[in-house]
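The values are calculated or read from the model by the stated rules, or taken from the named source; none is laboratory data. Note that the structure is a prediction, hence the values are computed from the model and not measured. Reconstructed Cβ throughout: ideal geometry from the backbone, glycine too, with neighbour counts over all protein chains shown. Please note that ligands, DNA and RNA were not included when accessible areas were found on the heavy atoms of the full protein model with its side chains. Shrake-Rupley method; radii C 1.70, N 1.55, O 1.52, S 1.80 Å.
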Amino acid sequence: MKLAVLGAGAWGTALAASWAPHHDVTLWGRSATALDAMRTSRTNARYLPNCPLPDELRFDSDLENVVTASDLIVIAVPSSGLRPTLTALAQRNALPPLIWVCKGFEPGSRKLPHQIITELLPSHTQTGVLSGPSFAQEVAQGFPTALTLASHDAVLAQHLAEVLSAHRLRIYAHDDVVGAEVGGAVKNVMAIAAGICDGLQLGHNARAALITRGLAEMTRLGTRLGGHFETFMGLSGLGDLVLTTTGDLSRNRQVGLRLARGQALDSILDQLGHVAEGVTTAREVAALASELGADMPISHAVFQMLFEGLPADQAVDALLNRVIKAEF
């Protein structure tokens, strides 16, 4: 299969590298200079410096050329770049099946990726989301990884799950697009919270409680938006949540760890050099929770710490001193 992976960041590069030995894969990026450097060095020095790229992987900065030759488009740009990418694709008369791997709500509109795709590509129904517990570095290095591919088209989901799975990359088919998207978005907010928890050295008990109650918040919001309860118990829900709240490769967890040390948010983001989707997602999740009447105290506390200057220790005290309720 001819794959066009759009987005030469960490995740797009990792997926392209994983698939290149088995498919005809071209990685597209906006910077021809950066792609030339990757072609020459066979590494993505900025995002995956210690991960050699396979000789089979090709690079092209000409979007029209890449898309025209593809059997499947994989959009791996950040959530903020999804709309511009889709706008460019919408100029074409016909497109192959399309999947996306970005995780988050669109800033301002609070739309999930599938809603933006429906808006800009209303006649294109062969679409799906690929999500689940996955650090780009480990995928690029060939570590075992399991993901979920969800689509409203069950036949497409099964076909792509089979085609895109490899020896160290196992993909499960699913039909709950909303659930997979919400899980992938909200877990990033919880990863910031977990980083704060560990940065304050609150202990393993506190982290376990945070993950469990974070799962409850994720499920609460996701089911209100139309997701299925069981999806949040799977790879794109609980699986991704556990990974990003406990693994130090998580950029969002790193944001929380540094916030707990008193570092300013702008400074943290500058030093990371990568997109931390949980920062913008926290604002959208807090607003959605308010609109939908979903009780999400952890998410709200993260929003207050990021955007309203609430000190981390005060946020923890407020969470621990909430009115006692039944667990379920």
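Cβ-Cβ distances below 7 Å connect the following pairs, each with a first residue in segment 38-62 that is basic (Lys, Arg), a second residue that is buried (at least 18 other Cβ atoms within 10 Å of the Cβ), and a separation of six or more residues or different chains: 39/59; 42/53; 58/25; 58/26. Considering segment 301-311, and only residues there that are part of a helix (DSSP H, G or I) and either of a type in the set (Phe, Trp, Tyr) or surrounded by fewer than 21 Cβ atoms within 10 Å (Cβ to Cβ) (or both), the residue that is nearest to the chain's Cα centre (by Cα) turns out to be 303.
Scoring residue 248 on the criteria (1) within 20 Å of residue 136 (Cα to Cα); (2) open to solvent by 50 Å² or more (accessible area, probe 1.4 Å); (3) touching a Phe, Trp or Tyr at 6+ places or on another chain (Cβ under 7 Å) leaves a single failure, condition (3).
Being farther than 22 Å from residue 87 by Cβ, at pLDDT 95 or above, surrounded by fewer than 21 Cβ atoms within 10 Å (Cβ to Cβ) and charged (D, E, K, R), is that true of even one residue in segment 119-127? No: zero hits. The number of residues in segment 281-292 being free of Cβ contacts under 8 Å to residues at least 60 places away in the same chain and over 22 Å from the mean Cα position of the chain (by Cα) comes to 2.
Being open to solvent by less than 50 Å² (accessible area, probe 1.4 Å), more than 28 Å from residue 252 (Cβ to Cβ) and modelled with pLDDT of 95 or more holds for only one residue in 113, 96, and it is 96.
For segment 269-300, which positions are closer than 30 Å to residue 45 by Cα, surrounded by fewer than 20 Cβ atoms within 10 Å (Cβ to Cβ) and of a type outside the set (Asp, Glu)? Matches in segment 269-300: 269, 271, 272, 273, 274. Is it the case that segment 133-146 has a residue that's of a type in the set (Phe, Trp, Tyr), in a loop (DSSP other than H, G, I, E, B) and either open to solvent by less than 70 Å² (accessible area, probe 1.4 Å) or modelled with pLDDT under 95 (or both)? The answer is yes, given that some residue of segment 133-146 is of a type in the set (Phe, Trp, Tyr), in a loop (DSSP other than H, G, I, E, B) and either open to solvent by less than 70 Å² (accessible area, probe 1.4 Å) or modelled with pLDDT under 95 (or both). Scanning segment 164-210 for residues that are open to solvent by 50 Å² or more (accessible area, probe 1.4 Å), of a type in the set (D, E, K, R) and either outside any helix (DSSP H, G or I) or within 24 Å of residue 16 (Cβ to Cβ) (or both) yields a total of 3. Selection of segment 232-251 for residues being of a type in the set (Gly, Ala, Ser) and in a loop (DSSP other than H, G, I, E, B) yields 234, 247, 250. Within 20 Å of residue 252 (Cβ to Cβ), out of contact with any Gly (no Cβ under 6 Å at 6 or more places or on another chain), part of a helix (DSSP H, G or I) and open to solvent by 20 Å² or more (accessible area, probe 1.4 Å): does that describe residue 158? Spelling it out, it is not the case that residue 158 is within 20 Å of residue 252 (Cβ to Cβ), out of contact with any Gly (no Cβ under 6 Å at 6 or more places or on another chain), part of a helix (DSSP H, G or I) and open to solvent by 20 Å² or more (accessible area, probe 1.4 Å). For beta carbons closer than 9 Å, sequence separation of 6+ or different chains, a first residue in segment 317-328 that is in contact (Cβ under 8 Å) with a residue 12 or more places away in the chain and of a type outside the set (D, E, K, R) and a second that is surrounded by 10 or more Cβ atoms within 10 Å (Cβ to Cβ) and part of a loop (DSSP other than H, G, I, E, B), the qualifying pairs are 318/310.
Inspection of segment 65-86 finds a residue satisfying the criterion of being surrounded by fewer than 15 Cβ atoms within 10 Å (Cβ to Cβ), in contact with a strand residue (DSSP E or B) (Cβ under 9 Å, 6 or more places away or on another chain) and at pLDDT 95 or above.
Only residues that are part of a helix (DSSP H, G or I), open to solvent by 30 Å² or more (accessible area, probe 1.4 Å) and in contact (Cβ under 8 Å) with a residue 60 or more places away in the chain were counted in segment 211-231, giving 3.
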